[in-house]
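The values are calculated or read from the model by the stated rules, or taken from the named source; none is laboratory data. Computed from a prediction, not measured in an experiment: that's the story for all the values here. Here the Cβ positions follow ideal geometry from the backbone for every residue, glycine too, while neighbour counts run over all protein chains shown. Please note that ligands, DNA and RNA were not included when accessible areas were found on the heavy atoms of the full protein model with its side chains. Shrake-Rupley method; radii C 1.70, N 1.55, O 1.52, S 1.80 Å.
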Amino acid sequence: MVPKTLDTDVLILGSGGAGLFAALHAHKAAPALSITVAVKGLLGKCGCTRMVQGGFNVALAKGDSVERHFMDTIEGGKWLPDQDLAWQLVRLAVERIHELENELGCFFDRNPDGTVHQKAFAGQTFDRTVHKGDLTGIEIINRLAEQVWARKIARLEEHRAVEIIKSTNGDSVSGVLMIDMRTGEYLFVRAKAVLLATGGGPTMYKYHTPSGDKSCDGLAMALRAGLPLRDMEMVQFHPTGLLAGTHTRMTGTVLEEGLRGSGGYLLNGAKERFMPGYDPKAERATRDVVSRAMFAEIRKGNTTPHGGLYIAMAHLGVERVAKEFKGMVERCADCGFDLAGGLVEVVPTAHYMMGGVEFRGDCSTELAGLFVAGEDSGGVHGANRLGGNGVANSTVFGAVAGDSIAAWVKNASLRDPDRQAIDAAVAVCESPFGKKTSSGLEALRESLYEIMWEKVGIMRDAAGLREAAGELAALETELDAQGLGDHNRAFNLTWHDWMNLRSLVAVSRAIAAAAAARQDSRGAHFRSDYPDTGPLERSAFTSLRGDLVVTMKPVAFTRVRPGQTLLENVA
Ligand SMILES: Cc1cc2nc3c(=O)[nH]c(=O)nc-3n(C[C@H](O)[C@H](O)[C@H](O)COP(=O)(O)OP(=O)(O)OC[C@H]3O[C@@H](n4cnc5c(N)ncnc54)[C@H](O)[C@@H]3O)c2cc1C
């Protein structure tokens, strides 16, 4: 099957904060470039940036500083972040928030004196989270989307990227094989530069928060293209996922960090506060600490009737909670819970992948012409992402990628693709149509959820990880054997579900391999058989490729060493 071909200077995969910022910056730097944003959903309506609730971390206020934001990021990340990338994050977050307000038209909440209001987020030493109520992402994505629509930037909506295709000599990217989901037709988009910004998304866990369009496709494609991924064991669990009943689709949805930040309590099944027994910072400890304490409490059986725990806010004042957390209160009310005055059942939920494609400060990767930004990239957050640093990361590095790509394509030309690689990728996508019909996708998904939740989740050990590795490999074989009943390729959601599961299982295997290799406990990664952090001075991060062989690479302390701080030098 020979796919249709489209040529563009720049191909951006994904329309979250990273993809849209990249498009706007590339266009601003070089308006004559042909730029195409290709996205699995509808531009402006999909991905997780739109779902950002709490807000955006940035050092703006008197008394705060980029050095303080940096130290919080490094200490929160347990000394595993790439320090130069983390520095870029905190420094450019200031630029980005001004751009969002002054150029792109975002309205963020303000103090009575007109300054931007910044709220408390757990795990930080300063109240620095800029927000629009508790639905910040809608404001950001709406304004970004309007600006993209207003420019001559091409869109391929409901187009799914399925394979990164290299040039004939294999030394650079030639383009991306896509499926037009509306017709089921293949399209090869040839581009001088490609940005991977599909947003990761740990939707392989039983409870998870990300949008349904995210299935780690970008990371799976990067693995198949032979690129190195780092920190893949670092999956962040958000402590307060809504427990709204089995298969309700609302279960797992995140209730924002600010609830704990502002003084909310977590209670066990007996309605007793338990966090002070686990950590002196209690509910305001970092996400990993709180999630682990909750998991331990659940394993002890101190649960609510549905197997979770409660969050309680009423002691802060019903009216205050209703005003400050309007969106959350309404979301809970939709599911029959009274957040302001009553108790809401919650469970830790898989939220964010700190791991991703290894990249340089200009967002370039090992493969010439391929750039990466946002949640598909790894190294900025290390072992833990601070709440509020996610959208800062995607917007900061999206903009960097746009600038770098515009400069890079000046000296680049379109490169011919490896035709055999296109044929092979099409053959894989087509393979379930040639097999006897099976109806096992739901069962396979449930198995994946269970394996990842129980054995590669909040608490891990060698035996569980070994079992998981075997079970995931078997799951991959079973998936490959699946046949689809419906041969109509137009909007064939079962077909896409099969592809989603393939990506998720491939990336789950990478998570399990990295988790088995890291024989210590750091941030989001906890091994009950190796509970100690190990010497910070000898910190190393995991790096793996498609063969799943993990290398431990030393962290370069380019700006600050464990035990030191940048804050001494700050007035
Ligand atoms: C519920 C929730 C609340 C959050 N709250 C906060 C917060 O308060 N503060 C914070 O800092 N962070 C928060 N985050 C994290 C934050 O949303 C992410 O860190 C960040 O926005 C990711 O941006 P991105 O551009 O990398 O990806 P996304 O915004 O997720 O965009 C990914 C895009 O890629 C597209 N895509 C996926 N696969 C393919 C494919 N195969 N082909 C083509 N396109 C594809 C998707 O459709 C989507 O358009 C939250 C996340 C969630 C889920």
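Computed extension gain for T437 through L42, at 0.36 nm per residue and net of the alpha carbon distance, reaches 139.1 nm.
Amide H contacts for F541 (H built 1.01 Å from N in the peptide plane; partners 5 or more residues away or on another chain; cut-off under 5 Å): K553, V555. Averaged per residue, the range 42-94 has 31 square angstrom of accessible surface, using a 1.4 angstrom probe with ligands and nucleic acids left out.
Stretching the chain fully between L567 and L493 yields a gain of 21.4 nm (0.36 nm per residue, less the alpha carbon separation).
Label zone (R360, point 7 Å along Cα-to-C-beta; backbone nitrogen cut-off 19 Å) within the range 366-388: 366-374, 377-380.
From its DSSP helices (H runs of at least four residues, each -39,500 (n - 2.57)), the chain gives a residue-normalised ellipticity at 222 nm of -10500 deg cm²/dmol. For the chain, the fraction of 1.4 Å probe accessible surface lying on carbon and sulfur atoms is 51 percent.
In order along the range 17-24, the phi-based Karplus estimate (6.51 cos²θ - 1.76 cosθ + 1.60, θ = phi - 60°) of 3J(HN,Hα) comes to x, 5, x, 6, 5, 4, 4, 5 Hz; Gly and Pro are listed as x. Computed from backbone phi with θ = phi - 60° and the Karplus coefficients 6.51, -1.76 and 1.60, the 3J(HN,Hα) list for the range 187-200 is 9, 9, 9, 8, 8, 6, 9, 10, 10, 8, 9, 8, x, x Hz; x is used for glycine and proline. First select every other residue whose beta carbon is under 13 angstrom from the beta carbon of K206; then total the charges, Lys and Arg +1, Asp and Glu -1. Residues near K206 contribute -1 overall.
The residues of the range 327-392 expose, per residue, 21 Å² of accessible area to a 1.4 Å probe. Only one residue of V116, L177, I141 has its Cα farthest out toward the positive end of the dipole of the range 101-182, where Lys and Arg carry +1 and Asp and Glu -1 on Cβ, and that residue is L177. If the chain linking V549 and A61 were pulled fully straight, counting 0.36 nm for each residue of separation and taking away their Cα-Cα distance, it would gain 171.2 nm. Calculate how many DSSP beta bridges within the chain are antiparallel, expressed in % of all such bridges and rounded to the nearest 5. Restricted to the chain, the bridges split so that about 65 percent are antiparallel.
Taking amide H atoms as placed 1.01 Å from N in the peptide plane, the amide H of A244 lies under 5 Å from those of T251, G252, each 5 or more residues away in sequence or on another chain. Each peptide in 427-436, 110-119 gets a packing score, the mean of other Cβ atoms within 10 Å over its residues, and the list from highest to lowest is 427-436, 110-119. Residues whose amide H lies under 5 Å from that of F371, counting only those 5 or more places away or on a different chain, are V194, L195, L196; hydrogens are built 1.01 Å from N in the peptide plane. Estimated from the Cβ-Cβ distance and a Förster radius of 45 angstrom, the FRET efficiency linking R299 and T558 is about 0.70. Rolling a 1.4 angstrom probe over the protein heavy atoms with all chains in place gives the range 217-310 an accessible area of 34 Å² per residue.
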